[in-house]
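I have placed the structure first, in the form of structure tokens, so that the comments after it can refer back to it.
Laboratory data are not the source of any read-out in this text; all were calculated from the coordinates shown. Computed from a predicted structure; not experimentally measured. So basically every Cβ, Gly included, is an ideal-geometry build from the backbone, and we count neighbours across all protein chains shown.
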Amino acid sequence: MKISLNWLKHYIDLPESPKEIADSLTLLGFEVDDMESTGLPQLENVIVGEVLGRQQHPNADKLGVCRVALGDAIGEKTIVCGASNYKVGDRVPVAIPGAVLPGGFTIKRSKLRGVESDGMMCSGKEIGAGEDAAGLLILDGRPELGTPINAVLTESDTVFNLEVTPNRPDCLSHLGIARELAARYQRELSYPAVDNLSAPGDRPSGEEIFKSVSVECEEDCPLYRATVIKGVKIGPSPAWMQDLLSAIGLRPINNVVDVTNYVLHECGNPLHAFDARDIKGSKIMVRNAREDEKVVTLDDEERTLSSRMVVIADDERALAVAGVMGGQNSEVKEDTKDLVLEAAYFNPTTTRWVSKTLGLSSDSSYRFERGVDPSSLRFATDRAVQLILETAGGTVCGPEHVAGSEPMVKKEVELSTDWVRVKAGFEISDEEIRDSLERLDMVISEESDGDWLVNIPSYRGDLDRPIDLLEEVLRIYGTDKIPSGAVVATATRENDNPITEFSRRATNYLVGQHFNEVVNYTLRSKAEQQSWSDSVSRMALGLKNPISEDQSQLRHSLLPGILESLRLNQSRKTGASRFFELGRVFHEVKGKVVEMISVAFAEYSLGRPRSWKLREADDFFTVKNRATLLAGFAGIDIGRFKVSQIVDDSTAWQEGQAALIDDPRAGILAEFGLMNLERIKALDIEGDIVAGSFSILPERLKTAKRVQFQPFSLFPPTAKDLALVVDQSELANDVVRSIEKIAQKATEGAFAMESIYVFDIYEGEGLPAGKKSVAVSMVFRSTERTLKDKEVNTAFEKIQNVIREKTAFEIRD
Amino acid sequence: MEEELKQIVGAAKINVGAVSNRADFEAFKAGITGPNGSLTKVVKGMGQVAKEDRPTFGKLINEAKQQVQAIYDIALEAIEAAEIAERLGPPIDPSLPSPDSEPGSLHPLTQVREEISRIFKQIGFTVAEGTEVETEYYCFDALNTPKDHPARDLQDTFYLPDDADFGNVSKNSDERYLLRTHTSSVQIRTMLKGEAPIRIISPGRCFRRDTVDATHSANFNQVEGLYVDKNVTVRDLKAILDYFFEQLLGKGTTTRFRPHFFPYTEPSFEVDFSSSHLAKLGSDWVEIAGCGMVEPEVFASVGYDPELYSGFAFGMGIERIAMIIYGIDDIRYFYQNDHRFLKQFA
């Protein structure tokens, strides 16, 4: 909101500099975003002088040597001047020695080409009054010699652009802000006097012009006042009013409209003036709009209304959208003679809804939405009437037309001063509390022993409870003076969330593996998500109200973002080859979308593009290992889950070169392998990319349990190797798992098979087409004794027999 | 005989010069002490030696054996040294860089978040987490935000479609899903789940429907704090934030409160800091955080007795703090992921 310093000065003395006032406003809770000064800055030693005579400078063609009168105190001086637009007898601003002009230019007594000069006669630009630098600023009206220039050129102002928080609609006006400054500086606030108006009962009747008001929707409009003024003469408003309105960015229109705007910005009450001629039937009705009722508002737009909206109407049509904007059909025009002046209290919620629905916001709706003070309608009306009579003439008529009544807003709050101290946590005396409240126009109507009954002024709709008063006490006491204290830190017996712990371990691992952490936006384009895979394209990840197609869907994976980082770094030749991200992704399982915590990484399989020494390429098994470790940080042993090759469905991964573990019951999803070569090429990335991701439902992450020690055998193991011929499509892990089961059964009760692992895979010569050999090593061990060859051999025989009988595997000799 | 032994040892001394690897050595050794070796033959000839000469010859043979063994040892040592040298290759050039990737790096936003968590952990605050998708109840209603508050507008907040169904984001009733605009929702869920005393910080990603520019981002990270206990005061809030900002921004950092308004705190303040360590900022007050005492209505909505409990909450932007402490002038750097940016914070 824009607030003019000159305007504030109508109500309160403010000798402080604009900067000091801005600081005060900020500390009162009205943050000043910026301030702009117009007109002349405060200048010392710049006064009015008159050119008494001019002689040619002896040494310079373009300079004159002038005698200048500067008033009785200083007398006459000689000043050298280069301008040529003046004549003898002109009065001009003169900077005498000691003056500091805008830009820091200091005036001293000096010699100019050999002639003494006692100062400088100034152009408008030199003193900061406009842009004219062509010649001296010739002053109109022959101001007194020696007068400080600020007293002559008074049209300076500072406009504060300040933020008024939504709880303080009472400060959406100059009087409201002046009231706050008065409280802070403990100064008198002078409200404009409106006591020179005739009493309503003494006013001539305006019945022939306007008859009555009525309100049909009392909830939307609890109070409506209409005042008739007849015989006005429309014309421009006075210059002082135009200056103030212009300063806060309003365009002066005519005396009546300017008065309504002026009063709005003076005391915060929106008003509206109708041309009485246009009110058909001479009656105003506040009613709900008819469905699809049309009205052309003052901004030249035809508005289509709905039945929840409220209009000011005459017998035939809507004249205004209540609280939002007037209609063109009844606006004040050049030939308007008689006015009906509206002052009303419209419901904040209704006004906000109407304004939002119509997409139409105005200074009026802004204030009604936040809540105006209904008890100030009368003052605002009187003030507007007074100013209209002053600036447009006319006669105010009776009777007063009032519909509804002033809502009861008398409020009292019980406050204990001890409670204030307990909540504040520091010593603040009863006197300081009293002082703060009274400076804000609150009245302590009853008190006993620190228990007070505080009367709240009608305009403070935000003060209902003791806690609200605490804030006011601190505000006036000075929130910048709240003392610090010792940090109180009692134990809370909590650990960081498991997500936090998991994130730390995962990121530490990947950073240790030379990965760079990236951060990408959560919202991705629909096209990208759809192209990722068929299953992703079917997920319901779209937003209801995206800002653009580019950012319209929740990300299903961190990998698209990471690939973008790879591409950007490749195109910018930064040399970085490994990236990862940790964050939230979204996935659909059985018709429900879930939010998962995910970590994903991608790297060039060949590492750095050029190096003096080649390293072995990172491949599927490198990224499988990484994914397995990452899952391990979440307490998940990925080896226990079914892993499958990613086929056809995906354009993200290279077919046959990537794997998937998807277990919705365990709430995990892992993918790893070689990224689709064509996709990578289409993304303009050169080189093969291997990548992986691991995602888990956050609720499945648990704080790690304390481990229980398991004793281990001190006896030596016995190993047996077995090569099996199996179908090429058989997964090695499936082979291992079935042998494991058989072996466990074969050794049950006697000793244990400690481990089983694949040590060789072979296909080719010596094997039938479509077959491969999987060689496993089984390690047997007992916790009680050294195993005898015989018992191990017996078990090994048994295992082989079962394999022959119960499986499709063939044992290779 | 003696002559013969001398010859054998002499020949061995000469021939060993041609031995350069293990195979050569084995052949060389076999030629002397192998089953058909020259020395073996002499030993075998002992049988024909007269009995009385045997001790002398035996002594000579032993001497020869020892000499041959010494030759073997030296040869073997040389071979092993050569083998190791071959395995190791030429000496390294220690000035060459590692061909492995450059060191990895933690994103500056993560570092700042971790630093904030570390400082708060010192004074008993632990990290709480919540989901990025939230519901209108936990994001607004429970935080005393009026029904028609502009923050709820479709222009300002991202919503999920009306028929959206989230498996792991619980609703209060049938309110809408949205992308959280602050992490205050975590405070609500933490208060509902637990009991006082509560001391948490909740860092995380938030969303506002802003157009991206130098200071606005499609998503941003925030950290909020909540402290609930009996008799928590405004002064405690000031003390905690003073402690935090001095730890974060260096000794001599001061803060000041300015009155402000938030629906979920009363009284509410904005926090400015001033720090001589951050030369770019000079001595001006710089806005850094918002805070206040927990609004009684918020306590009421989570079923805490406002007469019994009090507390405070605060919040700040992680990007903004990172920009201040690292001197970064454009928020978009955080989301571009240029390695030349990332590695500066490694």
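Brief remarks on what is shown
- Extending 7 Å from the Cα toward the beta-carbon at both B:N62 and B:D162 defines two label points whose distance is 11.1 nm.
- Overall form of segment A:718-812 per C-alpha gyration tensor (a/c, 1.5; a/b vs b/c): prolate
- If the segment from A:T783 to A:N733 were pulled out straight at 0.36 nm per residue, it would be longer than the present Cα-Cα gap by 15.3 nm.
- Comparing B:D53, B:D162, B:D174 in a Gaussian network model of chain B, where Cα atoms under 10 Å apart are tied by springs, the biggest mean-square fluctuation is seen for B:D53.
- Estimated inter-spin distance, B:K171 and A:S156, nm [label 7 Å along Cα→Cβ]: 6.2 nm
- Taking amide H as placed 1.01 Å from N in the peptide plane, A:G206 has its amide H under 5 Å from the amide H of A:G398, each at least 5 places away in sequence or on another chain.
- Within the shell defined by Cβ-Cβ distances under 15 Å, the residues around A:P407 carry a net charge of -1, with Lys and Arg each +1 and Asp and Glu each -1.
- Peptide A:22-28 has a mean shielding of 2, counted as Cβ atoms of other protein chains within 10 Å of each residue's Cβ.
- Degrees separating the helix A:430-439 axis from the principal Cα axis of chain A, which is the longest one: 60 degrees
- With the charge dipole of chain A set up from +1 on Lys and Arg Cβ and -1 on Asp and Glu Cβ about the Cα centre, the Cα lying farthest toward the positive end among the listed residues A:Y11, A:T522, A:V92 is that of A:T522.
- Charge dipole (Cα centre; +1 on Lys/Arg Cβ, -1 on Asp/Glu Cβ; no other charges) of segment B:2-88 amounts to roughly 300 debye.
- Karplus-derived 3J(HN,Hα) values for segment B:92-99, using 6.51 cos²θ - 1.76 cosθ + 1.60 with θ = phi - 60°, are 6, 9, x, 8, 5, x, 5, x Hz; glycine and proline are entered as x.
- Counting Cβ atoms of other protein chains within 10 Å of each Cβ in B:239-248 and taking the mean gives 3.
- Couplings 3J(HN,Hα) for segment B:27-36, derived from phi with the Karplus relation 6.51 cos²θ - 1.76 cosθ + 1.60 (θ = phi - 60°), are 5, 4, 5, 4, x, 10, 10, x, x, 10 Hz, where x marks Gly and Pro.
- By DSSP, the beta bridges lying fully in the protein assembly as shown are antiparallel in about 95 percent of cases.
- Förster radius 30 Å - calculated FRET efficiency between A:R251 and A:R67, Cβ distance, rounded to 0.05: 0.05
- Top of B:R87, B:R332, B:R180 by mean-square fluctuation, Gaussian network on chain B, Cα under 10 Å: B:R87
- Database remark: amide H of A:V215 closer than 5 angstrom to the amide H of A:V286 (H placed geometrically; neighbours at sequence offset of 5 or more, or on other chains; Pro and chain starts carry no H).
- Counting only other chain Cβ atoms within 10 Å of each residue's Cβ, the peptide A:474-483 averages 5.
- Less than 5 angstrom separates the built amide H of A:V589 from those of A:V594, all sequence-distant by 5 or more or on a different chain.
- Neighbour-count ranking [beta-carbon atoms within 10 angstrom, fewest first] of A:F426, B:F220, A:F601: A:F426, B:F220, A:F601
- Tensor-based shape of segment A:411-481 (alpha-carbon gyration tensor, a/c under 1.5 rounded, otherwise prolate or oblate): oblate
- Using a Förster distance of 35 Å, the FRET efficiency for A:R54-A:A239 (Cβ separation, nearest 0.05): 0.50
- Residue exposure proxy: A:K772, B:K6, ordered by other Cβ atoms within 10 angstrom of their Cβ from fewest to most, comes out as B:K6, A:K772.
- Charged side chains reduced to their Cβ positions (Lys and Arg at +1, Asp and Glu at -1) give the protein assembly as shown a dipole of some 4160 debye around its Cα centre.
- Quotient of Cα Rg and 2.2 N^0.38 Å for segment B:2-88, N being how many residues it contains: 1.24
- Charge dipole (debye, nearest 20) of segment A:326-435; +1 at Cβ of Lys and Arg, -1 at Cβ of Asp and Glu: 480 debye
- With 21 Å as the limit on Cα-Cα distance, the pairs of A:K77/A:K125; A:K423/B:K251; A:K233/A:K333; A:K745/A:K790; A:K590/B:K171; A:K410/A:K481 that go past it are A:K77/A:K125; A:K423/B:K251; A:K410/A:K481.
- Rounded, prolate or oblate (a/c below 1.5 giving rounded, otherwise prolate when a/b exceeds b/c) for segment A:46-152 by Cα gyration tensor: rounded
- For B:S301, net neighbour charge (Lys/Arg +1, Asp/Glu -1) across residues whose Cβ lies under 11 Å away: -3
- Projecting the Cα atoms of A:M120, A:N569, A:C397 onto the charge dipole of the protein assembly as shown (Cβ charges, centred on the Cα centre) puts A:N569 farthest toward the positive pole.
- Under the Karplus curve 6.51 cos²θ - 1.76 cosθ + 1.60, θ = phi - 60°, whole-Hz ³J(HN,Hα) for segment A:224-235, x wherever Gly or Pro sits: 9, 10, 10, 10, 9, 10, 10, x, 7, 10, 6, x
- Selection among A:M753, A:V589, A:G656 by position relative to the dipole of chain A gives A:M753 as farthest towards the positive end (Cβ unit charges, Cα centre).
- For B:I324, A:I689, A:I284, the sequence from fewest to most other C-beta atoms within 10 Å is B:I324, A:I689, A:I284.
- Net charge of neighbours whose Cβ lies under 10 Å from the Cβ of B:D229, counting Lys and Arg as +1 and Asp and Glu as -1: +1
- Between A:K108 and A:T38, the C-beta separation translates, for a Förster distance of 35 Å, into a calculated FRET efficiency of about 0.75.
- Site pair B:K193 and A:R812 shows an inter-label distance of 5.2 nm when each label is modelled 7 Å from Cα along Cα→Cβ.
- Candidates B:M323, B:M293, B:M46, ranked by Gaussian network fluctuation over chain B, Cα under 10 Å, top entry: B:M46
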